[in-house]
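Visitor: Questions regarding the structure given below will be posed in turn.
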Amino acid sequence: MSYQLPPLPYAQNALEPYITSKLMSFHYGKHHQGYVDKYNELVTGTPMADQPLEKVIKDTFEKLDQKKLFNNAAQIFNHNFFWHSMKPKGGGEPPAKLKSAIQHTWGNLIAFKTEFSTKAKDLFGSGWVWLVKEGDKLEILQTKDAETPITGNSQKPLLTLDVWEHAYYLDYQNKRPDFITAYLDHLVNWDFAEKNL
Ligand code: FE2
């Protein structure tokens with residue numbers, strides 16, 4: 001059975017005005033769907049066709065002859081995770097347990113947001129910014145292109161932000177920093193992050 005694009009956890013226009021329905025229709029309906037179509041094309045008829053997506057990602061990581069399959073599989077996972085990292089009326093204060101973990105590492109939420117947003121702005125080219133848990137520590141990571149923290153076994157993702165140009169260009173053009181601010185102040189789904197903690 002081929003892999004099916006999971007439904008968005010909210011309506012396509014639910015994140016307006018910060019992400020318009022038009023941008024979402026391209027990002028989810030064309031880009032994310034495109035990774036799913038390519039993945040199915042590459043995996044069909046191979047022994048990996050029946051494997052769970054996360055296993056395919058781990059098994060193809062850093063294998064030169066499997067790079068295309070890795071890229072498409074990882075981009076499916078990353079986008080699935082990204083949609084859940086946001087919600088309508090997101091932002092605000094994290095719930096207690098996550099807030100205390102953030103304070104433990106960064107001192108306060110503002111310092112966390114500053115580091116997250118600097119790493120998102122500074123990521124050159126295409127990639128992802130993640131809040132991950134490693135052992136009992138929280139960390140902010142950048143990954144390039146399709147790379148994802150789940151290829152190692154030590155980092156557990158809590159949240160992610162897509163900073164590929166296709167994630168914001170229609171609504172924000174070259175203003176990536178404005179997209180990052182909208183994500184942190186109005187979209188981020190702290191409940192999802194805490195659930196992953
Ligand atoms: Fe994307």
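Visitor: Quick check on segment 157-167: of everything there that is within 13 Å of the ligand (Cβ to nearest atom) and open to solvent by less than 10 Å² (accessible area, probe 1.4 Å), which residue is farthest from E139 (Cα to Cα)?
Guide: The qualifying residue farthest from E139 (Cα to Cα) is A167.
Visitor: Sticking with this structure for a sec: When both residues are 6+ apart or on different chains and their Cβ atoms are under 7 Å apart, which pairs have a first residue that lies in segment 155-181 and is farther than 20 Å from E194 by Cα and at pLDDT 95 or above, and a second that is more than 10 Å from the ligand (Cβ to nearest atom) and of a type in the set (V, I, T)?
Guide: Short answer, once both residue conditions are applied: V163/V129; D171/I19; D171/T20.
Visitor: Given the conditions (1) within 16 Å of the ligand (Cβ to nearest atom); (2) open to solvent by 10 Å² or more (accessible area, probe 1.4 Å), which single one is not true for W128?
Guide: Of the numbered conditions (1) within 16 Å of the ligand (Cβ to nearest atom); (2) open to solvent by 10 Å² or more (accessible area, probe 1.4 Å), the odd one out for W128 is (2).
Visitor: Has segment 100-121 got at least one residue that is within 16 Å of the ligand (Cβ to nearest atom) and open to solvent by less than 20 Å² (accessible area, probe 1.4 Å)?
Guide: Yes.
Visitor: Would you check if there is a residue in segment 14-30 being within 16 Å of the ligand (Cβ to nearest atom), out of contact with any Pro (no Cβ under 9 Å at 6 or more places or on another chain) and under 19 Å from T143 (Cβ atoms)?
Guide: Checked against the condition, which is being within 16 Å of the ligand (Cβ to nearest atom), out of contact with any Pro (no Cβ under 9 Å at 6 or more places or on another chain) and under 19 Å from T143 (Cβ atoms), segment 14-30 yields at least one hit.
Visitor: Next question, about the same structure. Given the conditions (1) under 22 Å from L23 (Cβ atoms); (2) open to solvent by 30 Å² or more (accessible area, probe 1.4 Å), report the number of the one that S85 does not fulfil.
Guide: (2)
Visitor: Name the residue that is surrounded by the most Cβ atoms within 10 Å (Cβ to Cβ), counting only residues in segment 1-37 that are in contact with a Lys or Arg (Cβ under 9 Å, 6 or more places away or on another chain) and hydrophobic (A, V, I, L, M, F, W, C).
Guide: L15
The values are calculated or read from the model by the stated rules, or taken from the named source; none is laboratory data. Computed from a prediction, not measured in an experiment: that's the story for all the values here. As a convention, Cβ positions derive from the backbone with ideal geometry for all residues, glycine included, and neighbour counts pool all protein chains shown. Side chains included, ligands, DNA and RNA excluded: accessible areas come from the protein's heavy atoms. Shrake-Rupley method; radii C 1.70, N 1.55, O 1.52, S 1.80 Å.
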